[in-house]
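The values are calculated or read from the model by the stated rules, or taken from the named source; none is laboratory data. For clarity, every value in this text was computed on a predicted model and none was experimentally measured. Cβ sites come from the backbone with ideal geometry, for glycine too, and all protein chains shown count toward neighbours. We work out accessible area using only protein heavy atoms, side chains counted, and drop any ligands, DNA or RNA first. Shrake-Rupley method; radii C 1.70, N 1.55, O 1.52, S 1.80 Å.
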Amino acid sequence: MENNNVSNTVTAGLQTTQSGTTQAQQPVISVRDIFFIFINNWLWFLISLIVCLGVSFLVFKLQPVEYTNQASILLRGSGNSSSSSSQSMDVILSQMGGVTSGGSLNNDIYILRSSPLMVSVVNQLDLNNTCDRIDFFNKSSYYKMPPLHLSFYNRDVENEQAGIEVRVTPRADDQYDFVVTSLNGKSFKQKGSAYYNQTISVTDEESFSVDKTEFFSDKCIGSKYCLAEIPAIKMARRIATTLTISRADKVSSIINVSYTDNNLKRGIEIIDTLIGAYNEDVINDKSMVAKKTEEFITARLESLTSELQDIDGRVEKLQKGSQLPDISTASGTLLTTGTRYSDEVAARETELTLALYIKEYLDDPANATELIPSNLGLPDVGIQSMINTYNKQLLSYQKLVASAGENNPQLRNTQHELDVTHKAIATSVENLINSTRVRLDNAKSKEQRTRRQITDMPTQTKAVTEIARQQKIKENLYLYLLNKREENNMLQAITVSNIKVVESAYMKKKSPKITMFLLVGIVLGLALPFGIFYIINLLNVKVRSRAEVESVVKAPILGEIPAKPEERVNDEILVTPEGTDSITEAFRVLQSNLSFFMQESDKKVIQTVSTTPGEGKSFFALNLGLSLAYLGKKTIILDLDLRKRSLSKTMDRNNRRGIIYYLLNTDATPEEVITHSDASENLSYVVCERIPPNATMLLLNGRLEKLLQYLRGEYDYIIVDTTPAQLVADSSIVNGFVDLTAYVMRMGHATKNMLPLVQDLYDKKKFKNMVLVLTDMQIKRKGYGYGYGYGYGYGYGYGYGYGYGYGYGYGYGYGNEDDKKKKKKKKRRFFN
């Protein structure tokens, strides 16, 4: 039961730590503190402000002037305003359980940034040959009016990465100094002087020359220029990184194309040329579809012409041999009926032939990556719509293949869409063939019934009828394909792009602006020193003053113990009978405060506990026991820290009987384990002679309660030293038998995130009558006496504080005898 209480205490404390961290870690900085930071450190803020403004101005001068240009275009048939064919295609695919294409606007945006289009723009505007003037602060780019021109000669024509960068300084005697800084994308170093138009060899394969243009003047002499010829693909990718393409809104199909350049004219022309290249590319795609359709129709027409000629010859030969009259005249009404059914059969066979043509084309592996002929007049509008959509997707896929890698998600998505659409077309064509065959069989059945009624007609007449029917089928198909070829030629002649320029390229904004740089300089100039001072204080995670403890923990403070003198930092016994040093006086003040918390006569047991080891818990218990004993109080100290035995190691090093012996032996008496100290006749102690394997079970066996009941009748004060609160359940078990809990916190050792845990223990009364003892307090000398100063000094040039004088009314005028007399270190003996 006790173990559960301790576990719940620790868990609740940790949860409270999380919720109370904000309070514990809030910097103790008020508006007044901020004001004093600025007033007392005004020189640092002034220096920082001047330096930051100077740096901001320098950075502003180093920034090249850039112009952001923008154009708006409308993509027809993209996005939400898709064409009816695309919508019908989506409906068909969804009915078949497939995936709709969608995202066509995103595909167009990706294609606008693709490398092939960008390379086309670079080549049209000659952007891969650059000329920049290097000024003191930045570069100035020339566009179409450079004073110097660089020509790069490369014998390795297959090297697409071939390029060169040369720094040139013109001189007055038709010469120039040069430094080759880069070659084929790698650092290179070659210096020299040359005449204009003189070919200079760089390697066995590469050379260059520099010549003046019509824009060269005497003002160019002495200036430094950077001439470069960059691979077109590299320049295209560089432009693509600066190019921004985005939708105007979520509903419309209007997209904005933006490009930032330090040359206004070049930026505008790049956007306009890009839109023109995309427009031309779209028209070329449509022309390719029309051309493929024309080739297919022409091939079929040639085949039909040959077949019709063969049928005409057979009809002529048969009629000449049989001398049969015209079929319509010979057969009369019966043949008229048969002809009607024959017409129906012919129409169905025409439809079946067209469907079989498409199926044959789709099944041919050679056409797997080819466009499917469209506008053939298939009776199923859905199939025609799917073919149009497939051709568009295939064109987009071919562009993506040219500009993106194999693992590009957009490429894989488009490939998936192509496969789904191709399968849907094949399935629909197969369904059309099956349905047409059913209708054809029905028409043939009716035709056969009619034929039975004219069985008396000559065999030659039947043959003529059969041949005439085939002739009619071929003629209808021939005339139909001729009509479609004319329609395709008309569409090819009037092909238009699917984009419309809504707003031509214009300058949207100019940057940089000096006001923004100055504002940043002012903000940094003020924030930088303040931030440094703030971080210095914020990084201090240790609790260093009473004020920091009181800001979070509301438990009463029993007393404060000063830090040990430097010459006695390793000593554990510092209280002396007649001493007037600060530590002895601190324990006297503390023992006087005990009367306020233990006024009743039956309250005698004091437990010492801490959050973690090393906070002075055992030191406090030992010296408090000595101080009470010197005062004449009969006192006993119990070492119940069964895990570490720190107090026992200090008090007694003899292997005598102690608390473990008493707890394990039911017939043991308290007198057997109590040892009287030589330091004072009023002080006794019980050591922990060894570390038991089952410390918690020993504390719960009932022997400890009996021991404390006996000691209450024999001693004025019983001081119990236990384990830290967060580690094991021992301290919680022992707390059930005590009257006062002294929670020890060491300044400079305890962290601020421990404070909410301590407050939670106090709020939930996890420890009886809990009070705080602050150890290792730093003393500030006040001219006379000692004060335990704490305040809000942040260490940056100012501070104000207030101190608690020791003694609650006395304590002024005491000197530190250890400092004056410099006594030799001496450890008192506690063993007999």
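A compact table of results
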| item | result |
| --- | --- |
| Hey, residue 649 open to solvent by 10 Å² or more (accessible area, probe 1.4 Å) and over 60 Å from the mean Cα position of the chain (by Cα) or not | no |
| Every pair of residues 6+ apart whose Cβ atoms lie under 7 Å, when the first sits in the range 277-288 and is over 12 Å from residue 391 (Cα atoms) and in contact (Cβ under 8 Å) with a residue 40 or more places away in the chain while the second is not in a helix (DSSP H, G or I) and not charged (D, E, K, R) | 278/499; 279/497; 279/499; 282/497; 282/498; 282/499; 283/495; 283/497 |
| Count of the range 692-704 residues which are outside any loop (DSSP other than H, G, I, E, B) and surrounded by 13 or more Cβ atoms within 10 Å (Cβ to Cβ) | 6 |
| Test: residue in the range 338-354 that is part of a helix (DSSP H, G or I), surrounded by fewer than 20 Cβ atoms within 10 Å (Cβ to Cβ) and within 55 Å of the chain's Cα centre (by Cα) | no |
| Matching residues, the range 243-261, being open to solvent by less than 50 Å² (accessible area, probe 1.4 Å) and closer than 27 Å to residue 62 by Cβ | 243, 258, 259, 260, 261 |
| Top-ranked residue of the range 591-642 - restricted to ones that are of a type in the set (A, V, I, L, M, F, W, C) and surrounded by fewer than 22 Cβ atoms within 10 Å (Cβ to Cβ), ranked as farthest from residue 675 (Cα to Cα) | 596 |
| Pair list, Cβ < 8 Å and 6+ apart or interchain, from the range 654-676 residues that are open to solvent by 50 Å² or more (accessible area, probe 1.4 Å) to residues that are acidic (Asp, Glu) and in a helix (DSSP H, G or I) | 657/672; 661/672 |
| Flag for residue 619 being part of a helix (DSSP H, G or I), hydrophobic (A, V, I, L, M, F, W, C) and under 21 Å from residue 722 (Cα atoms) | yes |
| Single match in 771, 758, 744 (criterion: in a helix (DSSP H, G or I) and at pLDDT 90 or above) | 758 |
| Residue 211 vs. criteria surrounded by fewer than 15 Cβ atoms within 10 Å (Cβ to Cβ) and under 30 Å from residue 74 (Cα atoms) | no |
| Test: residue in the range 192-212 that is under 18 Å from residue 234 (Cα atoms) and touching a residue at least 24 places away in the same chain (Cβ under 8 Å) | no |
| When residues of the range 421-441 are limited to those that are among the aliphatic types (A, V, I, L, M) and open to solvent by less than 30 Å² (accessible area, probe 1.4 Å), the one farthest from residue 368 (Cα to Cα) | 440 |
| Top-ranked residue in the range 678-691 [being in contact with a helix residue (DSSP H, G or I) (Cβ under 8 Å, 6 or more places away or on another chain) and open to solvent by less than 10 Å² (accessible area, probe 1.4 Å); ranked as farthest from residue 715 (Cα to Cα)] | 688 |
| Filter pass, residue 172 being at pLDDT below 90, assigned to a loop (DSSP other than H, G, I, E, B), under 18 Å from residue 127 (Cα atoms) and out of contact with any Phe, Trp or Tyr (no Cβ under 6 Å at 6 or more places or on another chain) | no |
| Matching residues, the range 40-53, being open to solvent by 40 Å² or more (accessible area, probe 1.4 Å) and either modelled with pLDDT under 80 or within 14 Å of residue 518 (Cα to Cα) (or both) | 40, 49, 50, 51, 53 |
| Residue pairs meeting the criteria (Cβ under 9 Å; at least 6 apart or on separate chains; first more than 11 Å from residue 768 (Cα to Cα) and open to solvent by less than 10 Å² (accessible area, probe 1.4 Å), in the range 730-746; second part of a helix (DSSP H, G or I) and not aliphatic (A, V, I, L, M)) | 730/696; 733/2; 733/3; 733/5; 733/696; 744/617; 744/619; 744/620 |
| Selected residue (criterion: farthest from residue 350 (Cα to Cα)) from residues of the range 453-466 that are at pLDDT 65 or above and surrounded by fewer than 18 Cβ atoms within 10 Å (Cβ to Cβ) | 463 |
| Residue list for the range 259-277, filter: at pLDDT 85 or above and of a type in the set (S, T, N, Q) | 273 |
| Qualifying residues in the range 393-410 (those that are under 21 Å from residue 284 (Cα atoms) and without any contact (Cβ under 8 Å) to a residue 60 or more places away in the chain) - the one least open to solvent (accessible area, probe 1.4 Å) | 394 |
| Hey, residue 162 small (Gly, Ala, Ser) and under 42 Å from the mean Cα position of the chain (by Cα) or not | yes |
| Positions within the range 568-590 being open to solvent by 30 Å² or more (accessible area, probe 1.4 Å) and over 55 Å from the mean Cα position of the chain (by Cα), in sequence order | 576, 577, 578, 580, 588 |
| Selection from the range 397-441 of residues that are outside any helix (DSSP H, G or I) and of a type in the set (S, T, N, Q) | 407, 408 |
| Number of the condition not met by residue 359 [criteria: (1) modelled with pLDDT under 80; (2) closer than 23 Å to residue 441 by Cβ] | (1) |
